Amino acid sequence: MKGAEQAGADVGEPVSLCSLRVGDAIFGIDTRQVREILGTAAPRHVPLAPPYIAGVVPYRGDVLTTVCFRALLGMKCWAGAHCILVFDGERAEERFGLIVDGVGGVIAVEPSAHEANPSGLDARSMEIFDGAYKLPSGLMVRLDPRKLRPSHLGESGLFETITQERQGSQL
Amino acid sequence: MELSPLPDKGEVDELINEFLAESQEGLERMDLCLTELERRPEDGELLAEIFRAVHTIKGTTGFLGFGRLERLAHAGEGLLGALRDKTIAVTRERTSGLLQLMDGLRSILSTIEIRGTEGERSTDDDWQLIDLLAELKSDEPMSAESKDPALRGPGKRDPNAGHPVLPPDASGADLATGSSMQDKTLRIDVDVLNRMMNQVGELVLTRNQILRCAPGAENFPALARRLDSVTAELRESVMRARMQPVGHLFRKFPRMVRDLAITCGRQVRIEFEGQETGLDKSLLEAVGDPLTHAVRNAVDHGIEPPGVRIQMGKPVEGVLRLRAFHQGGTVVIEVIDDGAGISTERVLEKAIERGLATPEQAASMTQREALQMVFLAGFTTALTVTNVSGRGMGMDVVRANVEKVGGSVELESRVGAGTTLRMRVPLTLAIVPALVVQSGGESFALPQNALVELAYVPRHEVEQALGRIGTTDLFRLRDGLLPLVWLDRLLRLEPRDNAHLNDFYIAVVESEGRRFGLVVDDLKEPQEIVVKPLSDELRSLGVFSGATVLGDGTLALILDVAATGARAGVRPTSDTENIVVAQLPQPASAQAALQSSMVVYEVAKRGPAQNAAAERMAIPMSAVERIESVPLGKIEHVGGRPVLQYRGELIPLQDEGGVLSEGSAAEVADAADNLAPDARVATVLICLRPDARGTRRIGVVVRRVLDVAAGTLLAEDAATCEEQLALVKDRVTTVHRGFTHPDDALPKSLMQEVA
């Protein structure tokens, strides 16, 4: 919420990124946007929900809808240990969780190192990635929680037919 | 509130909010008092109360710097002061003026609520109103009008006296939106709050003890019990704090009814009963609109114009009663009018015209069923029935709104005597009783209020119990066919292995007029569940209304029964019947005659062999008057034939199955010897049998009653021409002679198709 989109334009102030792992890939997300990180919580599968919805988990007396990031990447959902990043929306109902394989350390990067999505990207990647940081060790793709919000994913219409099997992690 | 430009806006906002909430309350009280005042103009207490309310508003506005509000309140106070001091008398136009003042105050208050300032756009109106109030105050001296209204000169406002000075719909809109601030605040008794605090203290203490508790400590069960009781008490207190008297909801009606009655040219008196009945705040808000609708309908369509009432010999003034009371975990709110009532004939006529029922269905409907047709969507969309027979406008919306919060609506009406609309709502929404069911390996919660009954279908009866017409699975439930919805298929869950070889359960559910059987793999325990809302995306799937955490910590989704039925293509009941009937191979009327409800019973074994099977027989349900248990000692014999003295009448008994003779032999043997003859009983069906001289009452002795089921009469077979046969639950059953007409039987050619 707090100006992630302007982050690229900011000069000076280093941005702290929370790194997260899915399979072999590492992604970064602005720490200011993350409300909380939960451990493994076996989401309850919701029948008829779009494939990128992993299910619901209890969260602070409420029910949190979770998005499976693996599904968005076209990978099989992961049955083992995972982490859930909780993001706030502008309204309480927009709060949601993102399921990733694991969360790594926090790194500080210069905003100037950010580069927008290249034009050659496929439509789905365009939709979920938010450019990348050029780091000495390589590229780190940035994520924007607003793009990963279930309502936004639903509107894009690109993820309704991800082919992947329903399996263990949801039971 | 980001609206206020003031620097210390937090503090001021709080003051303003408090002021708004208080003023709204004051205005509502005024509303009540003013309409009351019209009936009891001499009541000084009422005037004093109104005066106080206006005075309070004036005082606070001055302090907060709302000049416009202050000026208006001041003018009103002047008039009220004069009225209170009896220097002038209460007249209709003065009351109207005061009501106008209230609307003025209310509109300024809502401007303040929305914009943070009182606005200046309509100061002219204010002056007009202030002038009017001043005029009313000085207009006529007391003596001229209070002593004898007839002598009063034709004052310039007289033509207005019978009409509302303000447009009625404007006042309605104000009433609807005017109290939003108040909706956010709640008054709680300090005692209740203190009690809650004590309970929270106890909860913290218990938690501390549990935290310090070593794993496997001895006192753990005791602590857990304590935690349980503290939680229950706390829950109870919070629930009680949320309870608001229904009277809050009733407050706005006297004014509304007054304005509405004047607009519609009716004379209506409104009465309340059970205003103190408590209802959860959220539910109170939910039933507000349906109730307003119902009241509006009652005045507009229920109560007749004075002329008609006089013709009918009723008092000119119609009475509208709002009544609230508790009944078994629900709150019942009734809107009762003594108006024209609803003519069921007209309702049915209209229903047939609109294709909501077939003439055959209409003919077989009870009055109650017919009245419920009013609630069907599509019944009332156009010009329809409203002007002719009474109700109509959007009753389906009323029902939908009430059912949304887990309630129900019904109508009772007698032509010429009036109509009662009854709403039944649960006490609270947050916690609902539910049944946890399992399907495809997942748990779902089924709200109890939608649950009608449960049926278990064992593996070996699956074939018999289920039928199929087209693509619809049907379940034979007693004498009806119930559409089935397989939950696992509907939700695309993984079906159990060999699903067809397993037994299953059918939860018969009904919501928003849809009645169907939900097939699930297993039933788990009934629970009180705490409803948690789902995110918008998941709610929009339209099958789940929420989620809940079960006792074992896992989440279960709560099924929205009506939406599930709709998704599965189940139509509201009347439609469904249409379909089933239409798809059967004969015209509906023929089918209705052939399919009749039968009492199936067992008679004694026939024939000498011990292994002879007990035979099933049936009697048409319509012929059976009562089923009685008669002690064997009471059965007497006349000329070798058994008779029974029944309610001062001697009726012959038929014992074709030989139950009595068997009873005297076998039962004596196995029923303990020490039983007195009176303790052994026979079951007797008291039946009415058509006879040459009318109908006669006879008793049929049976071994036991097995079932009541739909049966199809078969043509007499050449081989068994003596016996009338019927197909009941797919089994050939002998029908007791003398109760059926041969014409009823199904010709053989048709029988093939039915079977």
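The values are calculated or read from the model by the stated rules, or taken from the named source; none is laboratory data. Predicted, not measured: the structure shown is a model, and the values here were computed from it. Glycine also receives a Cβ, built like all others from the backbone with ideal geometry; neighbour counts cover every protein chain displayed.
Observations on the model:
- Subset of the range B:518-530 that is closer than 20 Å to B:ASP488 by Cβ and among the aliphatic types (A, V, I, L, M) - its residue that is farthest from the other protein chains (Cβ to nearest Cβ): B:LEU523
- Residue in the range B:488-500 that is under 30 Å from A:VAL57 (Cβ atoms), in contact (Cβ under 8 Å) with a residue 60 or more places away in the chain and within 29 Å of the chain's Cα centre (by Cα) present: yes
- Some residue of the range B:266-284 being in a loop (DSSP other than H, G, I, E, B) and farther than 14 Å from B:ILE333 by Cα: yes
- Tallying residues that are more than 10 Å from chain B (Cβ to nearest Cβ) and touching a residue at least 60 places away in the same chain (Cβ under 8 Å) within the range A:35-49 yields 2.
- When B:ALA562 is tested against (1) within 14 Å of another protein chain (Cβ to nearest Cβ); (2) outside any strand (DSSP E or B); (3) surrounded by 14 or more Cβ atoms within 10 Å (Cβ to Cβ), only condition (1) is not met.
The rows are residues; the columns are (1) surrounded by fewer than 21 Cβ atoms within 10 Å (Cβ to Cβ); (2) closer than 29 Å to B:VAL405 by Cα.
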| residue | (1), (2) |
| --- | --- |
| B:VAL299 | no, yes |
| B:VAL316 | yes, no |
| B:ARG323 | yes, yes |
| B:GLN327 | yes, yes |
| B:ILE336 | yes, yes |
| B:VAL347 | no, yes |
| B:GLU353 | yes, no |
| B:ALA362 | yes, no |
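- Matching option when the condition is without any contact (Cβ under 8 Å) to a residue 40 or more places away in the chain, part of a strand (DSSP E or B) and more than 14 Å from chain A (Cβ to nearest Cβ), among B:LEU484, B:LEU421: B:LEU484
- Pairs, first assigned to a helix (DSSP H, G or I) in the range B:25-49, second among the aromatic types (Phe, Trp, Tyr) and surrounded by fewer than 21 Cβ atoms within 10 Å (Cβ to Cβ), C-beta under 6 Å, six or more apart: none
- Failed criterion for B:ARG489 (all others in (1) more than 9 Å from chain A (Cβ to nearest Cβ); (2) assigned to a helix (DSSP H, G or I); (3) at pLDDT below 85 hold): (3)
- The set of residues from the range A:99-124 being in contact (Cβ under 8 Å) with a residue 60 or more places away in the chain and among the charged types (D, E, K, R) comprises A:ASP101, A:GLU110.
- Annotation for the range B:126-135: at least one member residue is assigned to a helix (DSSP H, G or I), of a type in the set (Val, Ile, Thr) and either touching a helix residue (DSSP H, G or I) at 6+ places or on another chain (Cβ under 7 Å) or modelled with pLDDT of 80 or more (or both).
- For A:ARG60, the test of being closer than 30 Å to B:LEU559 by Cβ, charged (D, E, K, R) and free of Cβ contacts under 8 Å to residues at least 12 places away in the same chain is passed.
- Scanning the range B:547-556 for residues that are crowded, with 21+ Cβ neighbours inside 10 Å and more than 8 Å from every other protein chain (Cβ to nearest Cβ) returns a single hit, B:THR548.
- Within the range A:50-68, the presence of a residue that is away from chain B (no Cβ under 14 Å), surrounded by fewer than 21 Cβ atoms within 10 Å (Cβ to Cβ) and at pLDDT below 90 is excluded.
- Just one residue in the set A:GLY28, A:GLY102, A:GLY80 is over 21 Å from A:PRO150 (Cβ atoms), at pLDDT below 85 and away from chain B (no Cβ under 12 Å); that residue is A:GLY80.
- Residues of the range B:500-546 that turn out to be part of a loop (DSSP other than H, G, I, E, B), more than 16 Å from B:VAL570 (Cβ to Cβ) and of a type in the set (Asp, Glu), as a count: 2
- Residue within the range B:252-264 that is under 21 Å from the mean Cα position of the chain (by Cα), surrounded by fewer than 20 Cβ atoms within 10 Å (Cβ to Cβ) and modelled with pLDDT under 85 present: no
- Long-range neighbours under 9 Å by Cβ, at least six apart or interchain, first residue away from chain A (no Cβ under 14 Å) and within 25 Å of B:PRO495 (Cα to Cα) within the range B:426-455, second polar (S, T, N, Q) and in a strand (DSSP E or B): B:ALA434/B:GLN527; B:ALA434/B:THR548; B:LEU435/B:GLN527; B:PRO447/B:SER511; B:PRO447/B:SER545; B:ALA450/B:SER511
Residue by residue, here is whether (1) in contact with a Gly (Cβ under 6 Å, 6 or more places away or on another chain); (2) more than 14 Å from chain B (Cβ to nearest Cβ); (3) at pLDDT 85 or above; (4) in a helix (DSSP H, G or I) holds:
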| site | (1), (2), (3), (4) |
| --- | --- |
| A:LEU121 | no, yes, no, no |
| A:ALA132 | no, yes, yes, no |
| A:ARG146 | no, yes, yes, yes |
| A:GLU155 | no, no, no, yes |
| A:GLU160 | no, no, no, no |
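- Here is the figure for the range B:531-543: residues that are farther than 21 Å from A:HIS152 by Cβ and more than 7 Å from every other protein chain (Cβ to nearest Cβ) total 1.
- Meets criteria (among the charged types (D, E, K, R) and crowded, with 17+ Cβ neighbours inside 10 Å) for B:ARG235: no
- Test: residue in the range A:77-98 that is assigned to a loop (DSSP other than H, G, I, E, B), of a type in the set (Phe, Trp, Tyr) and in contact (Cβ under 8 Å) with a residue 12 or more places away in the chain: yes
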